[in-house]
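Okay, structure first, notes after.
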Amino acid sequence: MKLTVLIPTQVFLVATVQKINAEGKNGAFGLLPNHLDCIAALVPGILSYKDQQGTEIFIAVDQGLLVKCGQEVFVSTERAIKDADLETLHRTVAEQFQKLNEQQKITRTVLARLESGLARGILSMGDINHETTSS
């Protein structure tokens, strides 16, 4: 089978594989070349596959969609991180989520400042309009 993993900015992976394991909304499942075509909503978790040499490779994926059509499997997800070692992948994912959480905190702080500045601006416009109508 040909596995293609897509993330918003690029084609993350294209590989010829023997088997794919993924986690969907209804639980974990496996795909072999002769399985029926299907579409599955993926949950954040581990997608694994065996390459042509039989080596198992792991990809941490965010929620997404998996489509199997004939001998091709497409996975579309927001984020993906690949590693041959599950323990290393776990550490990498934890680090990436920590960075993401820090970025989200900074973004929330900036947005809060913008919102409070906008609110002050609207209030000051109301004071100006009130002064001009009172005169």
Output for region 23-37, where each listed residue is part of a strand (DSSP E or B), at pLDDT below 95 and closer than 16 Å to Val75 by Cα: Glu23, Gly24, Ala28
Test: residue in region 69-90 that is at pLDDT below 95 and in contact with a helix residue (DSSP H, G or I) (Cβ under 7 Å, 6 or more places away or on another chain): yes
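The values are calculated or read from the model by the stated rules, or taken from the named source; none is laboratory data. Note that the structure is a prediction, hence the values are computed from the model and not measured. Positions of Cβ are generated from backbone atoms using ideal geometry, with glycine treated the same way; all protein chains shown enter the neighbour counts.
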